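Engineer: I'd like to ask you about the structure that follows.
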Amino acid sequence: MSFESLGLRTELLRAVSEKGYATPSPIQQQAIPHVLEGRDIMGGAQTGTGKTAGFTLPLLQRLMSFGKQENGRRSIRALVLTPTRELAAQVDESVRVYGKYLPLRSTVIFGGVKINAQIQKLRSGVDILVSTPGRLLDHISQKTVDLSKIEILVLDEADRMLDMGFIRDIRKILALLPKQKQTLLFSATFSDEIKQLSKGLLKSPTLIEVAQRNSASERIKQVVHPVDKRRKRELLSHLVRSNNWQQVLVFNRTKHGANHLAEQLNADGITTAAIHGNKSQGARTKALADFKSGKVRVLVATDIAARGLDISQLPHVVNFELPNVAEDYVHRIGRTGRAGNEGEAMSLVCVDELKLLKDIERLIKCDIPKVVIDAYTPDPSIRAEPINKGYGKQNQAPRRSAGKKAEKSKSRQHVAFKSASNTRGRSGNRVQHSSHSPC
Ligand code: AMP
């Protein structure tokens, strides 16, 4: 299938071809014709599937093919809501890239930067607005944005927005939009909350799902390296050096932990930056740019900071700590193995995290191979300790069942990695087998 056969106009085809895309990705093949027909969409797709072009291309085409400027003034006709600043900036960039040959204007607004420049841009007139919910509400309360002419609404990474506690903000925004509009909702998972939200919002939506719900991508090679907590940093340095990795995204549970790890890796001579909610927008943008350009080899991120990051062809993701909520594992490893490339997702797991590991394996319905790296064998006498969940303001306890899980894991348990049936893998390191089907 070609982009031409999807019925896109020449200006869009030209932009797509300049971007170097030869064929539409599965989500694009499925979504574009339905969006062009004006249908509402419920799209199950993670970042990395090409979903941004999947909604942006037909959105631009629809804006070109209907609706007029009133009295020569532009009004905001399409609104894209995203959970994070980074994702908002990336979507805005995509709108600009795909719409470069069209006379449509877009702008992006998010918190953490001064509001005045955003007000100026809005005043000068835009057709497409990309925004995070919080800053949009600031503009609404200052009456610097008018949403009454919205024709198309996109909720990108809707599950993330709910996890981050944006549901009330979203409902406030939705109340200000015209009833008659086209709505496109994208979400990596379809929780009950998402279903609830979509019920009132979407009209006979077309359901599109490209990746199996809650399943880790098959292109991603997953492995667990059992290791004692106090030796994780040493093992990470060893892995980066011995494999000569040049670009690694490392996940940490807490902002403090991310900073500390970045400092330690830098001290080990591995250029590292940290990205989390306490960093200024400028620092976050710089860290990401340095990581993308290869100036820093390792980017340590918290879950929330990393959401929606588009770092294409990312070869390695390391879970320095497992996430508190199993679904976040799927999001984390989704940063690698993107757009047809193979990726590797490694988890450094200490005895405290075995319960979290079990939850993840139950969710993804397979056992992640466990490979003990020689010289980093866990000490079997070390007992599990409760995990510091690290919920600061940014790392809020997710709304799902994490509360209960956190309570449960407080009880001290004596669990250990299975020591039975260890054999040697190709690398000479020990591989631990389990009775379930491997990932
Ligand atoms: P997204 O899921 O929208 O974040 O896109 C993930 C990555 O895939 C981005 O780097 C896009 O530039 C890239 N991409 C999107 N569509 C295509 C396509 N049809 N062919 C190749 N790469 C694509």
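The values are calculated or read from the model by the stated rules, or taken from the named source; none is laboratory data. If you're wondering where the values come from, they're calculated on a predicted model, not measured in any experiment. Note that we place each Cβ from the backbone using ideal geometry, even for glycine, and neighbour counts take in every protein chain shown.
Engineer: Checking G44 against (1) within 13 Å of the ligand (Cβ to nearest atom); (2) buried (at least 23 other Cβ atoms within 10 Å of the Cβ); (3) within 21 Å of I150 (Cβ to Cβ), which test does it fail?
Structural biologist: Going through the list (1) within 13 Å of the ligand (Cβ to nearest atom); (2) buried (at least 23 other Cβ atoms within 10 Å of the Cβ); (3) within 21 Å of I150 (Cβ to Cβ), G44 breaks only (3).
Engineer: May I pose another question? If you scan region 167-201, which residues turn out to be within 23 Å of the chain's Cα centre (by Cα) and part of a loop (DSSP other than H, G, I, E, B)?
Structural biologist: A188, T189, F190, S191
Engineer: Go through region 14-39 and give me each residue that's within 13 Å of the ligand (Cβ to nearest atom), within 23 Å of Q182 (Cα to Cα) and not aliphatic (A, V, I, L, M).
Structural biologist: Listed by number, the residues that qualify are P24, S25, P26, Q28, Q29, Q30.
Engineer: Can I ask one more? Could you tell me which of the residues K221, K279 is of a type in the set (K, R) and part of a strand (DSSP E or B)?
Structural biologist: Being of a type in the set (K, R) and part of a strand (DSSP E or B) holds for just one of K221, K279, which is K221.
Engineer: Mind checking which pairs have a first residue in region 13-27 that is in contact (Cβ under 8 Å) with a residue 40 or more places away in the chain and a second that is near the ligand (Cβ under 7 Å from one of its atoms) and among the charged types (D, E, K, R), Cβ under 8 Å, 6 or more apart or different chains?
Structural biologist: Once the first residue is in contact (Cβ under 8 Å) with a residue 40 or more places away in the chain and sits in region 13-27, its partners that are near the ligand (Cβ under 7 Å from one of its atoms) and among the charged types (D, E, K, R) give I27/K51.
Engineer: Working only within region 1-13, note down all residues that are polar (S, T, N, Q) and either part of a helix (DSSP H, G or I) or away from the ligand (no atom under 11 Å from the Cβ) (or both).
Structural biologist: S5, T10
Engineer: From the list T107, T56, T84, pick out the single residue that is in the same structural domain as G165 (by TED's automatic domain parsing) and more than 13 Å from the ligand (Cβ to nearest atom).
Structural biologist: Only one candidate passes the filter, namely T107.
Engineer: Also, I was wondering about something else. From the set of residues in region 351-376 that are without any contact (Cβ under 8 Å) to a residue 40 or more places away in the chain and not hydrophobic (A, V, I, L, M, F, W, C), which is farthest from V330 (Cα to Cα)?
Structural biologist: If we take residues in region 351-376 being without any contact (Cβ under 8 Å) to a residue 40 or more places away in the chain and not hydrophobic (A, V, I, L, M, F, W, C), then E353 is farthest from V330 (Cα to Cα).
Engineer: Then there's this: How many residues does region 259-276 contain that are touching a helix residue (DSSP H, G or I) at 6+ places or on another chain (Cβ under 8 Å) and part of a helix (DSSP H, G or I)?
Structural biologist: Result for region 259-276: 3.
Engineer: Would you check if there is a residue in region 66-81 being in the same structural domain as L185 (by TED's automatic domain parsing) and within 13 Å of the ligand (Cβ to nearest atom)?
Structural biologist: Among the residues of region 66-81, at least one is in the same structural domain as L185 (by TED's automatic domain parsing) and within 13 Å of the ligand (Cβ to nearest atom), which makes the answer yes.
Engineer: Within region 14-35, does at least one residue satisfy the condition of being part of a loop (DSSP other than H, G, I, E, B), at pLDDT 95 or above, surrounded by fewer than 17 Cβ atoms within 10 Å (Cβ to Cβ) and not small (G, A, S)?
Structural biologist: no
Engineer: Are there any pairs with C-beta distances below 6 angstrom linking a residue in region 180-197 that is without any contact (Cβ under 8 Å) to a residue 60 or more places away in the chain and surrounded by fewer than 20 Cβ atoms within 10 Å (Cβ to Cβ) to a residue that is of a type in the set (G, A, S) and part of a strand (DSSP E or B), with the two at least 6 apart or on different chains, and if so which?
Structural biologist: From region 180-197, no pairs qualify.
Engineer: Any idea how many residues of region 287-310 are touching a residue at least 12 places away in the same chain (Cβ under 8 Å) and surrounded by fewer than 17 Cβ atoms within 10 Å (Cβ to Cβ)?
Structural biologist: Total satisfying the criteria: 4.
Engineer: Same structure again: Quick one: which residue in V330, V296, V300, V317 is within 16 Å of the ligand (Cβ to nearest atom), under 30 Å from G111 (Cα atoms) and at pLDDT 90 or above?
Structural biologist: V317
Engineer: Please go through region 1-28 and give me each residue that is out of contact with any helix residue (DSSP H, G or I) (no Cβ under 7 Å at 6 or more places or on another chain) and of a type outside the set (A, V, I, L, M), ordered by number.
Structural biologist: Listed by number, the residues that qualify are S2, S5, T10, E11, R14, S17, E18, G20, Y21, T23, S25, P26.
Engineer: Do we have any residue at all in region 62-81 that's under 19 Å from L177 (Cβ atoms) and part of a helix (DSSP H, G or I)?
Structural biologist: Checking region 62-81: at least one residue is under 19 Å from L177 (Cβ atoms) and part of a helix (DSSP H, G or I).
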